[in-house]
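Report on the structure given below.
All of the numbers you see were taken from the coordinates with simple rules; none came from a lab. As the structure is a computational prediction, the values presented were derived from the model and not from experiment. Counting neighbours? That spans all protein chains shown, and the Cβs are built from the backbone with ideal geometry, glycine included.
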Amino acid sequence: DQQVKQNSPSLSVQEGRISILNCDYTNSMFDYFLWYKKYPAEGPTFLISISSIKDKNEDGRFTVFLNKSAKHLSLHIVPSQPGDSAVYFCAAKNAGNMLTFGGGTRLMVKP
Amino acid sequence: KAGVTQTPRYLIKTRGQQVTLSCSPISGHRSVSWYQQTPGQGLQFLFEYFSETQRNKGNFPGRFSGRQFSNSRSEMNVSTLELGDSALYLCASRPSTVLTDTQYFGPGTRLTVL
């Protein structure tokens with residue numbers, strides 16, 4: 001039973017445009033959400049997080065939106081750059097503090 | 001600060017053998033978690049240690065075990081290796097177990113079981 005799902009395995013975007021990565025979850029007990037970026041042969045790198053009491057968090061080119069009623073999370077990258085090409089994982093935590101990851105979305109930003 | 005380090009980076013073992021992986025957390029971080037990444041299953045939580053005690057455990061068989069030392073360094077052991085244990089094993093550390101503490105990942109150990 002996948003509690004965190006990223007339904008798009010890949011996404012291709014032109015440099016300078018917006019990248020929107022989506023994530024859905026089923027467990028209403030999740031309190032905290034994170035996005036990680038992963039390059040091949042490296043561990044995931046933390047990007048941005050959001051608490052369940054907020055609906056938006058912004059950090060430079062990265063913005064995360066949370067819609068609790070829809071159990072939906074999205075990451076916006078504006079403007080997209082070729083160096084953003086990587087696999088993006090959304091993750092969620094509940095009070096037990098375990099990270100549950102989605103399956104990942106491969107983002108390709110074309111120059 | 002130095003990041004999370006994992007040794008070795010690559011390992012090749014045969015079925016039935018056992019393996020020990022090591023993780024050194026970021027200085028000052030007391031919580032260490034382990035994850036398994038496979039193409040089919042994605043990133044899956046194995047267990048978390050804090051102050052030498054296992055706090056959480058994922059849904060893995062007893063062949064997977066771990067421990068944490070007083071300096072917060074952690075080891076993960078897999079006994080009686082199976083082909084399906086081939087994966088990237090990732091370690092992550094964070095300062096404590098507060099919900100909003102961010103986990104920082106190491107580069108991983110790539111285990112291949114032949």
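For the protein assembly as shown, place one equal point scatterer on every Cα, skip the solvent, and apply the Debye formula. What is log10 of I(q)/I(0) at q = 0.14, 0.15 Å⁻¹? One equal scatterer on each Cα of the protein assembly as shown leads to -0.87, -0.99. Global size of the range B:62-114: 13.3, 40 Å for Rg and Dmax (C-alpha atoms, Rg to one decimal, Dmax whole). In straight-distance terms, cross-link reach from residue B:57 covers every one of the aspartates and glutamates whose alpha-carbon lies under 16 Å from its own, apart from those fewer than eight places away in the same chain; here that gives B:48, B:75.
Grab the other residues whose beta carbon is less than 12 angstrom from that of residue B:69, score K and R as +1, D and E as -1, and report the net. Cβ neighbours under 12 Å give a net charge of +1.
Mean partner shielding of peptide A:43-49, defined as the number of other chain Cβ atoms within 10 Å of each residue Cβ, is 5. Each Cα pair under 8 Å and six or more residues apart adds its sequence gap; the mean of these over the residue count of the range A:1-103 is a relative contact order of 36 percent. Inter-chain Cβ neighbour count for B:104-110, averaged per residue, equals 3 (cutoff 10 Å, partner chain atoms only). Taking the charge dipole of the protein assembly as shown about its Cα centre, with +1 at Lys and Arg Cβ atoms and -1 at Asp and Glu Cβ atoms, the residue from A:73, A:91, A:22 reaching farthest to the positive side is A:91. Taking every alpha-carbon pair under 8 Å whose residues sit at least 6 apart, the range B:1-88 reaches a relative contact order of 31 percent. Counting every C-alpha pair in the range A:1-87, the share spaced more than 20 angstrom apart comes to 35%. For a label point 7 angstrom out from the Cα of residue A:17 toward its Cβ, which stretches of the range A:72-111 have the backbone nitrogen within less than 18 Å? Residues A:75-86, A:106-111 fall inside that zone. Taking a straight line from the alpha carbon of residue A:68, these lysines sit under 21 Å away, with near neighbours fewer than eight places off in the same chain left out: A:5, A:54, A:56, A:93.
Once you reduce the range B:2-67 and the range A:89-111 to the center of their Cα atoms, the two points are 18 Å from each other.
For chain B, the Kirkwood hydrodynamic radius from C-alpha pairs, put into Stokes-Einstein at 37 °C and a viscosity of 0.692 mPa s, yields a diffusion coefficient of 235 µm² per second.
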